[in-house]
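Enquirer: Can you read through this structure? Questions will come right after.
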Amino acid sequence: MPATRTLVLAAVGAAAAAALVAVGPAAADDLVTHHEFQVNCLVTQHKADDPIVYPGKPGASHDHTFVGNTSTNANSTLDSLRAAGVGATSCLNPDDLSAYWFPTVSKGGVPVLSTWRQTIYYKSGVQDYTTVRPFPPGLRYVVGDMMATQDQFRTAPGAVEGWECGDSFHNWDIPATCPAGTQLNIRYQAPSCWDGLHLDSADHRSHMAYPVGGACPATHPRPVPMLEFKIAFPVDGDMSSVRLASGRGYSWHYDFFNAWDEPTLAALVSHCINGGLQCDSRGFDLYKPDRGAVLGANYRLPGRP
C-alpha cells in the first residue's frame, strides 16, 4: 500500500483550493466503499421554470421543485447564480451556489414538498477515485429522460434503486401503495465523465457520459464527481393519484447547474473523494475522525467568516 501522502491545494486564482489537506493511503480503508461527500439542501420553491432546457422562458416547462441557490429562475446563468452571493442557498454549505431541480411530485393535484434537507451525494463514479476532479464552473446537464419507457428507466445506467417506500425497492414506477408512516424515495445517479470541452450540449446530455468498466471512455476522458440524488417525498398510503409533473414515475429526471465556490469544491473533492473518505457536508468522515474536516463549523473553508 502506498505511503500516506499530503496534498497541498495551493490558492492559485479562483480555481484552486485554499487549504492544506491531509489525504490518506490511495487504497483507503478496505471498509470504505463510498468515496464521497454530501450536500444537504432544503426545498426553496416550485415553479414551471427550467434555465437549462428553456433558458429565458419563464413558465415554459412542467413544474419543477428547486433546491440550492435561492435565486434560480428561468433566466439563471453562472454569473447570476454567483451574483446571488454567499449564503444565497438552501444548502448547508454557504459557498455552494449551484442550482438543483427535479419534477414536482403531486398527490391529487397538490404538490408534495418536503420540509427537511434532501441529500445529494458527490461520489466517485470511476474505479480510480483519485482521478476525480471538480466540476468546471458553469457545467450544467440533465440526468435521465422524461420520455423514457419503463424498461428504459429500469435499464438506464443511472438507475440505482428506483422508487422506494417501506421495504419495497427496485420499483420502476411509483408504487401503488406505501405503508402508513413511510415516505416515497427515489435514488438515481448522474453520468460522471465529461468531454473536457463543453459546459452544455444541444440535448443537455451529450457532453457527459457514464463510465464503462469503471473508467471514463475516450470520448469523455475527464472524471468528475458523480451526483446521486436521493430525494424523499412525504407521501404514503394509496398512491394512485401520485404523479410526477413530467408524467409517470419512469419519467424521473433532474438538472444540475454548477456554481460552487471553486476552492471549496476543490477541497471537498480532494479530501473526501480522492482521499477515499465517506464525508458529511463539512468534509468529515465519522468513521475516520482522525482525518479531520475540510470545512469549519460554519461549513466554510478555514479563515472565512
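Enquirer: Just one of the numbered conditions (1) buried (at least 23 other Cβ atoms within 10 Å of the Cβ); (2) in a loop (DSSP other than H, G, I, E, B); (3) touching a His at 6+ places or on another chain (Cβ under 9 Å); (4) touching a residue at least 60 places away in the same chain (Cβ under 8 Å) is not true of residue 49; which one?
Expert: Result: residue 49 passes all but (4).
Enquirer: Could you say whether any residue in segment 60-67 is aliphatic (A, V, I, L, M), crowded, with 22+ Cβ neighbours inside 10 Å and touching a residue at least 60 places away in the same chain (Cβ under 8 Å)?
Expert: no
Enquirer: If you don't mind, another one. Being hydroxyl-bearing (Ser, Thr, Tyr) and either open to solvent by 40 Å² or more (accessible area, probe 1.4 Å) or assigned to a loop (DSSP other than H, G, I, E, B) (or both) is the filter here; which residues of segment 173-203 pass it?
Expert: Listed by number, the residues that qualify are 177, 182, 192, 201.
Enquirer: Taking residue 118 and the conditions (1) open to solvent by 10 Å² or more (accessible area, probe 1.4 Å); (2) under 27 Å from residue 285 (Cα atoms); (3) polar (S, T, N, Q), which numbered condition does it fall short on, given that it satisfies the others?
Expert: (1)
Enquirer: If you don't mind, another one. Any idea which of 276, 283, 303 is over 24 Å from residue 116 (Cα atoms), assigned to a loop (DSSP other than H, G, I, E, B), out of contact with any Pro (no Cβ under 6 Å at 6 or more places or on another chain) and open to solvent by less than 10 Å² (accessible area, probe 1.4 Å)? Break it down stepwise before answering.
Expert: On the way: 283 fails: over 24 Å from residue 116 (Cα atoms); 303 fails: open to solvent by less than 10 Å² (accessible area, probe 1.4 Å).
None of the others qualify; the one that does is 276.
Enquirer: Something else now. What is the residue count in segment 93-130 for residues that are under 15 Å from residue 244 (Cα atoms) and basic (Lys, Arg)?
Expert: Here the count works out to 1.
Enquirer: Confirm whether residue 60 is modelled with pLDDT under 95 and either basic (Lys, Arg) or outside any strand (DSSP E or B) (or both).
Expert: Criteria not met by residue 60.
Enquirer: If residue 22 meets every condition in (1) part of a loop (DSSP other than H, G, I, E, B); (2) at pLDDT below 95; (3) small (Gly, Ala, Ser) apart from one, which number is that one?
Expert: Evaluating residue 22 over (1) part of a loop (DSSP other than H, G, I, E, B); (2) at pLDDT below 95; (3) small (Gly, Ala, Ser) leaves (1) as the failure.
Enquirer: Please find, among 206, 246, the residue that is among the hydroxyl-bearing types (Ser, Thr, Tyr), open to solvent by 10 Å² or more (accessible area, probe 1.4 Å) and closer than 23 Å to residue 47 by Cα.
Expert: Exactly one of 206, 246 is among the hydroxyl-bearing types (Ser, Thr, Tyr), open to solvent by 10 Å² or more (accessible area, probe 1.4 Å) and closer than 23 Å to residue 47 by Cα, namely 246.
Enquirer: Suppose we keep only residues that are surrounded by fewer than 17 Cβ atoms within 10 Å (Cβ to Cβ) and in contact with an Asp or Glu (Cβ under 7 Å, 6 or more places away or on another chain) within segment 71-109. Which one would you say is farthest from residue 250 (Cα to Cα)?
Expert: Taking the candidates together, the pick is 86.
Enquirer: How many residues does segment 213-234 contain that are under 20 Å from residue 264 (Cβ atoms) and in a loop (DSSP other than H, G, I, E, B)?
Expert: Number satisfying all stated conditions: 2.
Enquirer: Just give me the residues in segment 223-243 being open to solvent by less than 10 Å² (accessible area, probe 1.4 Å) and under 16 Å from the mean Cα position of the chain (by Cα), in sequence order.
Expert: Answer for segment 223-243, where residues must be open to solvent by less than 10 Å² (accessible area, probe 1.4 Å) and under 16 Å from the mean Cα position of the chain (by Cα): 224, 225, 227, 228, 229, 231, 232.
The values are calculated or read from the model by the stated rules, or taken from the named source; none is laboratory data. Please read these numbers as outputs of a predicted model, since none were measured by experiment. Every residue, glycine among them, receives a Cβ derived from its backbone with ideal geometry; neighbour counts consider all protein chains shown. Accessible surface is based on the protein model in full, side chains and every heavy atom, while ligands, DNA and RNA are left aside. Shrake-Rupley method; radii C 1.70, N 1.55, O 1.52, S 1.80 Å.
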